[in-house]
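In what follows, a single structure is set out as structure tokens and then discussed.
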């Protein structure tokens, strides 16, 4: 269970830049995976989670990638392992 | 390419400013229709080259790649590849790129360039890129990609002549290349896009991003929700407060026209048809144009400014709990104006079951066609006073309650549907958040004009026709002296038949009579009652002087009035909604299901309201 060693994006603190270490493509549908890649969310890229949920729920998650801000659900964020960006 | 008008397609990612560019190029010379067989909106328009030769422009739905995730994205692919039925393949492409988001937008551009059509790139929204501290080298991008790149600022009409000249040149000088294939996989594509973007950036000054500070408040879990609620409240307040004077003016105009016809045309069959049927009926509906425009004004502004996606973000949590997604928020909010554009907007929802559920509950949002009914009954039966010690008006509170009943009903229905007929895994919610932008008055005005035209055309066709037919049915056969014309007529007799069914829920003959023509559109219930009233009052001076509301007050009990309101929270009485649902779901199954479940709910809600009210002695 490598998940124990990794931090998923789902639990990453807001406002801190992280690098995507691994994406479990099997945890999502093919369409979801393709849309993630179209947003540019791929192994090795840098992102910053910024906003999470509302009073109703922890969903969804807004993050920046490059100059773009995108929204994903926490179920997808849970399949994305991130690591700290070397300072 | 000899003689024929060249057709040029605008294509690009969502949020690249494509529609603004299209509006700037074509102005009001646009035609909005649907692609045959699908309900995706086809936006086409005309422009011309500097020397006056005409060109046909078509604005394709924004998409991220040629692999579609939703219906409208599929249209984009099919048109570009020349596979869309009834549509010729475009002679040239204008790829619209957001200058501030090149890394991402260049991916799709690379995919499109591999198709080897004559192509020009519009490096759009250059002003916003500069706001973000970016300086770009358009020449460099052009060199890397091998096609002309023209910097544009669509909203200020900057770069447009240069863009068209470049398109002209591209079509003339185009020579098929041996395919310069796009990178084979997503990762390689992104790498290439990033490399080009990096090469194109001359300088990048970090600027303080006020937009991020705005988002920190607007997307705050609590503060953001309060702002959203406040905006919604303001919107619905404005619909009532601002619409008053223009609505009164329209009403006065209809009255003047009726008076003019009565004064200048001798009493005959045709005059009655015009005054009692056409003018009374259509007039009763057209007065709601100001309210509809105000509602659409808000929706268009929220959308153009970039706020709408923020609202979707905030609502996603709640909507996720009943199996929907934040994507559904925009169609549902539009449904407060009218369910037809609302249902059409669902095509951007990628998950099929999520989309179906959103379509099925869209008619529960209180659309503007219910306003005439609600406004009439509330004004007649609910006292115009404040609620003890609060400063909140009782009439407004009842109206708010009706809106709320629709929303709560919709959430419960969605919850039930997602567990039964529209069962499926919880849909995802993936969306790009556009940057904040100042809405352009030209785009807003154009959008409002298109909405107003659709509404007026409807009033002039469906509503005019049903009122005239109803008037004929109400006028014949002529009642003998001493009998009520409305009761004696064909329509009156049909209504008497229906009355048997709706009597248990407190409905009377008036309502039964109004319900049948109101199948065409809810607001016809009002025009039908107005027409019946006009015929009923024929010749009776006292009755003529009374308003429709006053007449109803004398004839209905409060329990009946409340039951009638409850009925319209649910009743699916709108031919256009049923028709659009049939088209959007490709068959009669779902519209029939929708009509069935909504009538059941309407009957139950009206019944429960009536029986409760009677139990409290309001019968």
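General observations
- Hey, residue B:352 surrounded by fewer than 22 Cβ atoms within 10 Å (Cβ to Cβ) and within 14 Å of another protein chain (Cβ to nearest Cβ) or not: yes
Yes/no matrix, rows are residues, columns are (1) in a helix (DSSP H, G or I); (2) within 22 Å of residue B:280 (Cα to Cα); (3) within 24 Å of the chain's Cα centre (by Cα); (4) touching a residue at least 60 places away in the same chain (Cβ under 8 Å):
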position	(1), (2), (3), (4)
B:429	no, no, yes, yes
B:449	yes, no, yes, yes
B:457	yes, yes, yes, no
B:461	yes, yes, yes, no
B:464	yes, yes, yes, yes
B:469	yes, yes, no, no
B:487	yes, yes, no, no
B:492	yes, yes, no, no
B:512	yes, yes, no, no
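- The one condition in (1) in contact (Cβ under 8 Å) with a residue 40 or more places away in the chain; (2) surrounded by fewer than 21 Cβ atoms within 10 Å (Cβ to Cβ); (3) within 14 Å of chain A (Cβ to nearest Cβ) that residue B:140 fails to fulfil: (3)
- Number of residues in the range A:53-80 that are over 26 Å from residue B:194 (Cα atoms) and surrounded by fewer than 22 Cβ atoms within 10 Å (Cβ to Cβ) equals 8.
- Per-region count, the range B:312-328, residues at the interface with another protein chain (Cβ under 9 Å from one of its Cβ atoms) and assigned to a helix (DSSP H, G or I): 11
- The criterion of at least 3 residues that are at pLDDT 90 or above and under 28 Å from the mean Cα position of the chain (by Cα) is met, among strands (runs of 3 or more DSSP E) falling completely within the range B:51-134, by B:54-59, B:92-98.
- From the options B:90, B:6, residue that is in contact (Cβ under 8 Å) with a residue 60 or more places away in the chain, crowded, with 20+ Cβ neighbours inside 10 Å and farther than 30 Å from residue B:133 by Cα: B:90
- Residue within the range B:559-573 that is in contact with a strand residue (DSSP E or B) (Cβ under 8 Å, 6 or more places away or on another chain), surrounded by fewer than 24 Cβ atoms within 10 Å (Cβ to Cβ) and not in a loop (DSSP other than H, G, I, E, B) present: no
- Within the range B:251-307, helices (runs of 4 or more DSSP H) holding 3 or more residues that are in contact (Cβ under 8 Å) with a residue 60 or more places away in the chain and either crowded, with 19+ Cβ neighbours inside 10 Å or in contact with a helix residue (DSSP H, G or I) (Cβ under 9 Å, 6 or more places away or on another chain) (or both): B:280-286, B:289-305
- Just one of the listed residues (B:328, B:401, B:396) is free of Cβ contacts under 8 Å to residues at least 12 places away in the same chain and either within 30 Å of residue B:217 (Cα to Cα) or surrounded by fewer than 21 Cβ atoms within 10 Å (Cβ to Cβ) (or both), and it is B:401.
- The one condition from (1) more than 14 Å from chain A (Cβ to nearest Cβ); (2) over 30 Å from residue B:157 (Cβ atoms); (3) assigned to a helix (DSSP H, G or I) that residue B:421 does not meet is (3).
- In the range B:10-33, the residues that are part of a strand (DSSP E or B) and under 25 Å from residue B:309 (Cβ atoms): B:10, B:11, B:12, B:30, B:32
- Any hit, the range B:466-473, residues being modelled with pLDDT of 85 or more and buried (at least 20 other Cβ atoms within 10 Å of the Cβ): no
- Among the residues making up the range B:184-242, those that are within 30 Å of the chain's Cα centre (by Cα), within 11 Å of chain A (Cβ to nearest Cβ) and not in a helix (DSSP H, G or I) are B:219, B:220, B:221, B:222.
- The range B:574-597: number of residues that are part of a helix (DSSP H, G or I) and under 28 Å from residue B:380 (Cα atoms): 1
- Residue within the range B:366-383 that is closer than 17 Å to residue B:594 by Cα and part of a loop (DSSP other than H, G, I, E, B) present: yes
- Filtered residue count, the range B:235-245, keeping only those that are surrounded by fewer than 16 Cβ atoms within 10 Å (Cβ to Cβ), within 26 Å of residue B:307 (Cβ to Cβ) and free of Cβ contacts under 8 Å to residues at least 60 places away in the same chain: 3
The values are calculated or read from the model by the stated rules, or taken from the named source; none is laboratory data. None of the values given here were measured: they were computed from a predicted structure. Please note: Cβ atoms are built from the backbone with ideal geometry, for glycine as well, and neighbour counts cover all protein chains shown.
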